[in-house]
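Shown next, in structure tokens, is the structure this report addresses.
Each reported figure results from applying straightforward, stated rules to the coordinates on display, with no laboratory input. Since we're looking at a predicted model, the values are computed, not measured. No Cβ is skipped: glycine too gets one built from the backbone with ideal geometry, and neighbour counts run over all protein chains shown.
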Amino acid sequence: MEEFDYVVVGAGAAGCVMAYRLSANGKYSVAVLEAGGPDRNIFIKIPAGFNKTVYDPKLNWGYETAPGPHIDNRRIPFPRGKVLGGSGSINGHLYVRGQSADYDMWAQLGCRGWSWDDVLPYFKRAETRGNGGGDPSVRGTDGPLNIQDQRDPHPLSDAYMAANAALGLKHTPDYNSGNQEGTFLYQQMMKDGRRWSPADAYLRPALTRPNVKLVQRALAERILFEGKRAVGIRYRPDGGEPMVLRARRDVVLCGGSINTPQLLQISGVGDAEWLRDIGVEVLHALPGVGKNLRDHYATRVSALVKGTGSLNERSRGLRLVGEVLRYAITRKGLLTSSPSHAGGYMKTREGLETPDMQLYFAPASYAAGAYGVTDLDTRPGMTLGCSQLRPESKGWLKALSADPRVKPEIQPNYLADQMDRDALVAAMKYMRQLLHTKPLADFVLEENFPGPAVQTDEEWLAHARATGSTTYHPIGSCRLGTDPMAVIDPLSMRVHGLDGLRIADASAMPTMVSGNTYAATNMIAEKASDLILAA
Ligand SMILES: Cc1cc2nc3c(=O)[nH]c(=O)nc-3n(C[C@H](O)[C@H](O)[C@H](O)COP(=O)(O)OP(=O)(O)OC[C@H]3O[C@@H](n4cnc5c(N)ncnc54)[C@H](O)[C@@H]3O)c2cc1C
């Protein structure tokens with residue numbers, strides 16, 4: 001048994017920030033517990049290595065969703081990083097903060113201190129905005145997180161943006177300024193052509209301090225309580241006997257939207273009926289734990305292309321050898337690619353105040369049955385993707401056993417809500433229209449997914465149900481708030497009704513942010529660290 005001021009569970013996007021900030025003034029000792037191992041795998045470092053790491057069982061919890069009643073009862077692979085840096089070491093490196101209205105909505109919902117004006121200083125403090133510059137009133141200049149523009153944009157991305165402009169969706173200079181509408185090249189969490197993960201940005205610098213200890217390959221099995229106060233964590237080192245880390249001040253849960261509610265439930269905190277179902281004694285009934293799970297559901301349209309070198313050809317044979325050499329010498333080219341290159345934010349219907357749809361574009365195409373961005377097609381192609389920004393569909397996360405090694409039930413309930421279905425159908429029709437719009441149309445040989453058999457709204461919806469997938473953004477399963485279904489106090493990050501236990505990770509988001517969820521998680525951890533230190 002060892003004792004620290006703070007015990008942080010999880011060295012992912014949020015946990016790395018926590019280790020760095022809680023230890024910064026040198027007054028407190030911090031232990032960080034991580035179930036995964038070191039992040040030395042070369043494919044973590046090379047941006048295009050995403051394809052290799054996303055389902056690598058050595059780096060991954062290897063979850064899948066429960067059968068989705070509105071997506072033809074399909075189960076969907078649901079990767080989560082299990083390695084230093086967490087999902088931040090296997091993600092697609094796209095840096096997206098969301099809309100200012102997202103955070104103003106959180107404040108409206110009762111999360112005092114979480115409006116855009118409140119959180120902007122934390123977005124700024126976190127980042128160093130690299131080669132792209134940006135307006136210093138909204139962008140940071142000297143934070144740990146490196147955010148850069150793409151080093152080698154593809155000509156098809158320009159054609160994609162120009163086709164959008166021809167349909168009225170213009171280019172926007174900085175989609176991370178709070179106002180998103182328009183098209184752009186995605187900004188990447190990268191430094192000089194290498195992934196810049198939370199472990200690079202925060203954890204390694206924290207580990208240079210004498211007051212930080214990292215325990216790797218160690219699964220947190222239980223939160224230990226004395227009465228209603230959390231006093232530590234019982235964990236199991238790889239293949240070893242259970243050990244204990246005691247926390248003098250706080251246990252801080254940063255295990256992410258799946259593992260944080262699971263750990264709470266198996267430790268006796270959650271929906272009392274659910275806990276009894278798995279034979280766990282109720283220490284503290286908190287019905288919101290594991291509820292309100294939301295995720296982005298994406299669908300795509302792809303086309304065979306001509307007259308340009310898509311990533312499909314460039315990632316094979318001699319051309320790949322050339323790309324590897326180019327990357328080694330210049331840190332440019334194909335290997336610096338994120339899964340998506342260009343994107344956009346659009347409104348799918350009249351009368352909306354802000355965009356409700358995110359667009360993705362890749363100068364590459366994938367085999368028809370492939371999930372996400374694995375299995376490149378053998379023919380040259382491009383992919384247009386979309387996901388509704390703030391899904392109304394909600395699901396749950398439920399531990400199925402008191403054994404921490406048993407995977408929980410993950411039910412995001414994709415497409416349960418009519419509004420989500422309507423928005424996706426409108427966006428897919430728009431993406432097909434783009435394929436017929438110059439200058440993008442000049443490169444199109446034919447649409448091959450879903451192809452001309454899909455025409456009516458019903459057929460588009462059937463395509464979405466049958467082929468859509470996660471964009472890996474689960475949030476909200478231990479949400480901030482002050483109502484009876486809320487789990488975390490927005491002013492202190494304390495779990496309602498308990499002492500010595502705080503949560504700071506993607507599970508805290510009350511509603512979905514309008515975009516990829518890393519930046520918001522990073523901001524939550526930055527702000528939470530101040531709230532915790534101020535306590
Ligand atoms: C494949 C993929 C692609 C993505 N692409 C993007 C993108 O391009 N842009 C973007 O903004 N977002 C993206 N995301 C989402 C983003 O990475 C997450 O929102 C973010 O990492 C969530 O941070 P977190 O700290 O909540 O959880 P994580 O980063 O997942 O960290 C949780 C950590 O806790 C550890 N842990 C969990 N349980 C335990 C336990 N019991 N004991 C010990 N350790 C434990 C885990 O191993 C992990 O390291 C992607 C995610 C994935 C999986």
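Based on the mean of other beta carbon atoms within 10 Å per residue, what is the order of 506-517, 159-170, 22-33, most packed first? Present the calculation step by step, with values, prior to reporting the outcome.
Working: 506-517: 27.3, 159-170: 18.5, 22-33: 20.2.
Result, highest mean Cβ count within 10 Å first: 506-517, 22-33, 159-170.
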- Task: With a point put 7 Å past each Cα toward its Cβ, work out how far N25 is from D5 in nm, to one decimal.
- Result: 0.7 nm
- Query: ³J(HN,Hα) across segment 15-21 via Karplus (A = 6.51, B = -1.76, C = 1.60, θ = phi - 60°), whole Hz, x for Gly/Pro?
  - Reply: x, 5, 4, 4, 4, 5, 6
- Express in whole angstrom the spacing between the alpha-carbon centres of segment 496-535 and segment 48-117. 14 Å
- Task: Kindly flag which residue pairs out of K52/K332; K82/K429; K124/K291 have an alpha-carbon separation exceeding 27 Å in this structure.
- Result: K82/K429; K124/K291
- Using alpha-carbon positions, what is the distance between the centroids of segment 372-447 and segment 200-255, in Å? 36 Å
- Message: Using the basic label-point model (7 angstrom from Cα toward the beta carbon), what is the R316 to D158 distance in nanometres?
- Response: 2.6 nm
- Treat the count of other C-beta atoms within 10 Å as a stand-in for reagent exposure and order I258, I147 from fewest to most. I258, I147
- Message: Check which residues have an amide H placed less than 5 Å from R494's amide H, if you skip close sequence neighbours.
- Response: D489
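Mind ordering 11-18, 118-125 by average Cβ neighbours within 10 Å, highest first? Intermediate results must be reported in sequence, preceding the final value.
Working: 11-18: 33.0, 118-125: 19.5.
Packing order, densest peptide first, comes out as 11-18, 118-125.
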- If you bin every alpha carbon distance in the chain into 20 Å steps from zero, what whole percent lands in each bin? 23, 58, 19, 0
- Note on the structure: Counting sequence-distant residues (5 or more places) and residues on other chains, those with an amide H built under 5 Å from that of F225 are V231
- Query: Once fully extended, how much extra length lies between R75 and R246, figured as 0.36 nm per residue of separation less the alpha-carbon to alpha-carbon distance?
  - Reply: 57.7 nm
- Query: Which of the aspartates and glutamates could a cross-linker bridge to K58, judged by Cα under 12 Å and excluding same-chain residues fewer than eight apart?
  - Reply: D39
- Note on the structure: Residues whose built amide H sits under 5 Å from the amide H of N292, excluding neighbours closer than 5 in sequence, are G395
- First select every other residue whose beta carbon is under 14 angstrom from the beta carbon of E2; then total the charges, Lys and Arg +1, Asp and Glu -1. +2
- Message: What FRET efficiency comes out for T208 versus K429 if R0 is 60 angstrom and r is the Cβ-Cβ distance? Round to the nearest 0.05.
- Response: 0.70
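Could you please rank C111, C254, C386, placing first whichever residue has the fewest other Cβ atoms within 10 Å of its Cβ?
Details: C111 25, C254 33, C386 28.
The order, fewest Cβ neighbours first, is C111, C386, C254.
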- Taking 0.36 nm per intervening residue step and subtracting the Cα-Cα distance, what contour gain separates M485 from I329 on full extension? 50.8 nm
- Rounded to the nearest 500, what is the 222 nm mean residue ellipticity of the chain from helices alone, with -39500 (n - 2.57) per DSSP H run of 4+ residues and division by all residues? -7500 deg cm²/dmol
- Provide the packing ranking of 239-248, 88-97, 67-76, i.e. peptides ordered by the mean count of other C-beta atoms within 10 Å per residue, highest first. 88-97, 67-76, 239-248
- E350-M419 FRET efficiency (beta carbon distance; Förster radius 22 Å; 0.05 resolution): 0.90
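What is the gain in length, in nm to one decimal, between A165 and A367 on full extension, counting 0.36 nm per residue of separation less the C-alpha to C-alpha distance? Walk me through the intermediate numbers first.
Values: separation 202, 0.36 × 202 = 72.72 nm, distance 2.89 nm.
So the chain would gain 69.8 nm between A165 and A367.
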